[in-house]
Amino acid sequence: MTIYESAENTKSPTTPGIAPRPLPVFTDRDFWRGGELDLGAYLERVGLSGEGPPPPTLDTLVAVHRAHLATIPFENVHLLLDRPVPLDLPSLTDKMVRHHRGGYCYEHGLLLAAVLDRLGFTVTALTARVLVGAEGRPRPSTHALLRVDLDGGPWLVDVGFGGGLLEPLPLVDGYQVSQDGWDLRLDLITEVGAEEWLLRSFDGEEWQNLYSFSMAANLPQDYVIFNHYLITDPRSPFGNRLMVARTVGGTRYALTNTTLTIDRVGADRADPSGATLEREVRELPVSEVGKVLHEIFDIRLDQEERATVEDRVRGFLNM
């Protein structure tokens with residue numbers, strides 16, 4: 001008996017010999033929960049409140065990306081306060097929108113995914129291997145970023161790296177651009193798989209590898225697993241130092257424990273032959289960390305939270 005003869009003799013609730021159509025794998029396709037977002041509060045937080053939600057266009061994507069990056073900082077203060085880092089949308093909104101706090105990549109990525117979904121964009125969540133400081137060694141894919149599909153093709157969107165894109169980049173092999181003087185480049189590579197992308201930045205002297213990523217899609221549930229690792233694994237870079245960053249146009253601020261670094265691109269950096277990067281480094285007294293978090297990064301902590309963060313920094317520095 002052949003497989004076809006077997007099928008003919010199999011009883012089916014529909015046409016004899018023809019199996020019914022399979023049911024969908026996922027009955028819940030509302031991955032990003034954009035409909036649950038307080039969009040007005042988010043747009044007010046990033047300074048884009050107006051007469052109504054903007055349309056899902058490239059101009060809107062660029063405006064939201066820039067505003068989010070300039071307003072909501074990259075930071076890991078919750079870990080220093082020994083608080084959980086939930087990734088559900090109500091928790092993200094309460095922390096990052098209503099309480100003027102920031103977060104790291106999973107928090108930024110999922111909040112922005114909900115915003116873009118609510119505005120009508122098609123969003124796919126991705127992960128990347130951070131290559132900064134890796135010295136050629138492969139690392140796991142633990143950084144969160146987004147792909148947004150527009151009529152003209154797919155775009156890379158990332159507001160949670162702490163020092164990468166100012167605006168989305170089109171996913172075009174060899175694409176190179178200067179964003180307010182920050183020079184960036186995307187290339188297709190084949191280090192691990194057939195379709196990987198590499199994001200580089202130019203530091204004024206040479207190209208630096210930032211991260212590599214593939215087009216494999218992720219869901220919020222995947223980010224929850226990665227997030228658990230970053231919170232609990234002793235090798236995680238987020239549990240043994242204070243890390244804060246914010247980019248406003250051509251100026252980047254970064255605070256690692258008590259070291260405040262301010263990078264500014266020179267007016268002639270748009271011309272690579274005359275590119276300049278001005279760097280200012282300050283060593284702060286621990287007692288000023290809370291003040292700097294508020295004045296430079298707009299992270300609003302009460303007195304008890306400031307004292308806790310400063311005590312943790314003293315511990316990191318063995319003071």
Exercise for the section: Kindly list, by first and then second residue, each pair from a residue in the range 294-314 that is within 19 Å of G162 (Cβ to Cβ) to a residue that is surrounded by fewer than 14 Cβ atoms within 10 Å (Cβ to Cβ) and basic (K, R), limited to pairs with Cβ atoms under 7 Å and residues at least 6 apart or on different chains. Expected result: H294/R300
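Going by what's in this entry, would R137 be described as over 26 Å from L58 (Cβ atoms) and free of Cβ contacts under 8 Å to residues at least 40 places away in the same chain? I'd like the intermediate steps shown before the answer.
Details: over 26 Å from L58 (Cβ atoms): yes; free of Cβ contacts under 8 Å to residues at least 40 places away in the same chain: yes.
Against the criterion (over 26 Å from L58 (Cβ atoms) and free of Cβ contacts under 8 Å to residues at least 40 places away in the same chain), R137 qualifies.
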Practice task
Have a look at G162, G174 and point out the one that is within 27 Å of D59 (Cβ to Cβ), among the small types (G, A, S) and free of Cβ contacts under 8 Å to residues at least 40 places away in the same chain.
Solution key: G174
Exercise for the section: Using the structure shown, decide if A270 is under 27 Å from the mean Cα position of the chain (by Cα), at pLDDT 95 or above and of a type in the set (G, A, S). Expected result: no
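For the range 32-51, which residues satisfy the criterion of being of a type outside the set (A, V, I, L, M), part of a loop (DSSP other than H, G, I, E, B) and without any contact (Cβ under 8 Å) to a residue 60 or more places away in the chain? Write out each step before concluding.
Filtering the range 32-51 for residues of a type outside the set (A, V, I, L, M) gives 32-36, 38, 40, 42, 44-45, 47, 49-51.
If we keep only those that are part of a loop (DSSP other than H, G, I, E, B) too, we end up with 32-33, 38, 47, 49-51.
The answer is D38, G47, S49, G50, E51.
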Practice task
Collect the residues in the range 190-202 that are more than 16 Å from L156 (Cα to Cα) and of a type in the set (A, V, I, L, M, F, W, C), keeping them in residue-number order.
Solution key: V192, A194, F202
Fill in the blank from the handout: Of the residues in the range 136-168, those that are of a type outside the set (D, E, K, R), within 16 Å of S212 (Cβ to Cβ) and surrounded by fewer than 21 Cβ atoms within 10 Å (Cβ to Cβ) number 5
Problem - S214 touching a strand residue (DSSP E or B) at 6+ places or on another chain (Cβ under 7 Å), within 29 Å of V281 (Cα to Cα), touching a residue at least 24 places away in the same chain (Cβ under 8 Å) and crowded, with 16+ Cβ neighbours inside 10 Å - result: no
Problem - Test set (1) charged (D, E, K, R); (2) closer than 27 Å to R282 by Cα; (3) modelled with pLDDT under 90 - R252 fails condition number - result: (3)
Practice task
Considering only residues that are surrounded by 12 or more Cβ atoms within 10 Å (Cβ to Cβ) and at pLDDT below 90, look in the range 9-57 and name the one that is nearest to I72 (Cα to Cα).
Solution key: S49
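Residues R241, R252, R235, R246: which one is free of Cβ contacts under 8 Å to residues at least 24 places away in the same chain and among the basic types (K, R)? Working first, answer last.
On the way: R241 fails: free of Cβ contacts under 8 Å to residues at least 24 places away in the same chain; R252 fails: free of Cβ contacts under 8 Å to residues at least 24 places away in the same chain; R246 fails: free of Cβ contacts under 8 Å to residues at least 24 places away in the same chain.
Matching residue, one of R241, R252, R235, R246: R235.
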Handout entry: the range 98-122, subset buried (at least 22 other Cβ atoms within 10 Å of the Cβ) and without any contact (Cβ under 8 Å) to a residue 60 or more places away in the chain, residue farthest from G162 (Cα to Cα)
Key = L112
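The values are calculated or read from the model by the stated rules, or taken from the named source; none is laboratory data. A quick note: this is a predicted structure, and the numbers were derived from the prediction, not measured. Quick reminder, even Gly has a Cβ in these numbers, built from the backbone with ideal geometry, and neighbours come from all protein chains shown.
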